[in-house]
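Below is one structure, written out as structure tokens, with a few remarks after it.
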Amino acid sequence: MSNRLEALRVFFTAADAANFREAAVRLSVSPQVVTRAVRELEDELGEPLFHRSTRGVQLTDFGRQLAQRARIAVGGVDALFHRTDRRALSQHAGTVRVTAPNVYGRRLIPEALAPMLAAHPGLVLDLRLSEEHADVVDEQIDIGVRAGPIRDARFVARTVGRMQLRVVATPALIARTGIPKNLEALPGFPLTALLDRSVGRPWSWFFSKGRQMPVAAPAFVTDDVDAECAAVRAGLGFGQLAGPLAEPLIASGELVEVLEAEAPEPWPIHVYRSQRAPVPARVRLVYDELIRALR
């Protein structure tokens with residue numbers, strides 16, 4: 001028998017049976033198939049596996065050791081190809097790389113996905129935080145979370161909510177500097193800025209009717225949204241913060257919103273992935289859970 005794996009299966013079945021005829025019944029083959037498989041293994045290994053006598057067959061010491069090792073080896077190979085195990089591997093094992101802005105990725109996404117990750121021990125989340133739109137193809141990203149329009153036809157995108165931008169400051173800073181009456185007056189106040197790493201300059205502030213205002217001379221600049229929020233809370237300047245950061249602080253009274261009438265339209269929040277196929281089950285699982293969590 002040229003198939004070594006099948007020969008080992010026949011052999012340890014024969015080792016467990018009373019005789020070759022019983023082994024043949026268990027395997028649904030003829031006794032001659034069992035006899036031939038055992039003989040070919042003996043020839044290849046150069047060792048007798050059974051003592052043969054008129055009373056039947058009995059394992060040799062070498063045969064007993066080989067039978068134990070064969071059960072383990074064949075069992076391991078069978079497990080790899082078992083239908084249930086294969087489906088479990090496709091769902092649970094492997095890495096899903098997600099890119100998201102800091103405001104969602106620092107706490108919300110890990111906390112939201114924690115129960116799912118605990119339920120799928122083979123699943124690994126690789127979370128990359130950035131304010132820039134990642135190219136999911138070039139950077140091998142499986143799923144992206146972004147604020148703003150998604151116009152790339154290569155992506156499958158779902159809108160999961162909207163994010164407001166709010167200009168805020170501490171009551172103490174407002175008591176000292178007053179409130180800017182309009183956008184033209186805003187550059188005369190201390191402002192914070194968030195650095196756009198891709199160009200090395202601060203992001204502009206966004207306002208209604210598509211207007212944008214560059215932050216030319218910030219009192220504080222950083223490339224991290226949490227650090228900017230901390231600077232605003234410390235009274236270093238007025239800042240334009242994303243709703244998830246600003247709104248709890250406005251509700252508590254720690255920050256005050258100004259220029260509300262000039263606020264831009266809320267930005268849509270998208271969860272997106274590449275249209276490349278096939279979509280691994282683990283990617284679809286994380287994609288669907290992110291949509292559910294962010295809604």
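The values are calculated or read from the model by the stated rules, or taken from the named source; none is laboratory data. Here the structure is a predicted model, which means the values were calculated and not measured. With ideal geometry, Cβ positions are generated from the backbone for all residues, glycine too; neighbour counts draw on all protein chains shown. Side chains included, ligands, DNA and RNA excluded: accessible areas come from the protein's heavy atoms. Shrake-Rupley method; radii C 1.70, N 1.55, O 1.52, S 1.80 Å.
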For the stretch 1-60, what is the convex hull volume of its Cα atoms per residue in Å³?
74 Å³
From the alpha carbon gyration tensor of the stretch 139-295, can you work out the equivalent ellipsoid semi-axes (sqrt of 5 times each eigenvalue) and give them in Å, largest to smallest?
34, 16, 14
How much of the DSSP beta bridge set in the stretch 156-257 is antiparallel, as a percent to the nearest 5?
70 percent
Percentage relative contact order, the stretch 95-207, counting C-alpha pairs under 8 Å, at least six apart
25 percent
The stretch 183-223 - convex hull of the alpha-carbon atoms, volume per residue in Å³
65 Å³
Considering Cα pairs under 8 angstrom that are at least six residues apart, work out the relative contact order of the chain and quote it in whole percent.
20 percent
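Per residue, how much accessible surface does the chain expose to a 1.4 Å probe? Answer in Å², no decimals.
I get 55 Å² per residue for the chain.
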Coil-residue trypsin sites (Lys or Arg not before Pro) of the stretch 193-230, DSSP, other Cβ within 10 Å capped at 10:
none
If you project the alpha carbons of the stretch 89-208 onto the principal axes, what extent comes out on each, in Å, largest first?
61, 32, 26
Top positive-direction residue, dipole computed over the chain with Cβ charges, set 103, 3, 120:
3
In cubic angstrom, how much convex hull volume per residue do the alpha carbon atoms of the stretch 139-203 span?
168 Å³
Where the eigenvalues come from the Cα gyration tensor of the chain, what are the semi-axes √(5λ) of the equivalent ellipsoid, largest first, in whole Å?
71, 17, 15
Per 10 Å bin from zero, what fraction in whole % of the C-alpha pairs of the stretch 207-274 is there, up to the bin with the longest pair?
16, 45, 33, 5, 0
Whole-number percent relative contact order across the stretch 177-295, with pairs defined as alpha carbons under 8 Å at least 6 apart
24 percent
Based on the Cβ-Cβ distance of residue 164 and residue 185, what FRET efficiency does E = 1/(1 + (r/R0)^6) give at R0 = 25 Å, to the nearest 0.05?
0.70
For 268-275, 150-157, 221-228, ranked highest to lowest by mean beta-carbon neighbours within 10 Å, the order is 268-275, 221-228, 150-157
Of the accessible area of the chain, computed with a 1.4 Å probe and all protein chains kept, carbon and sulfur make up a percent value of 53 percent
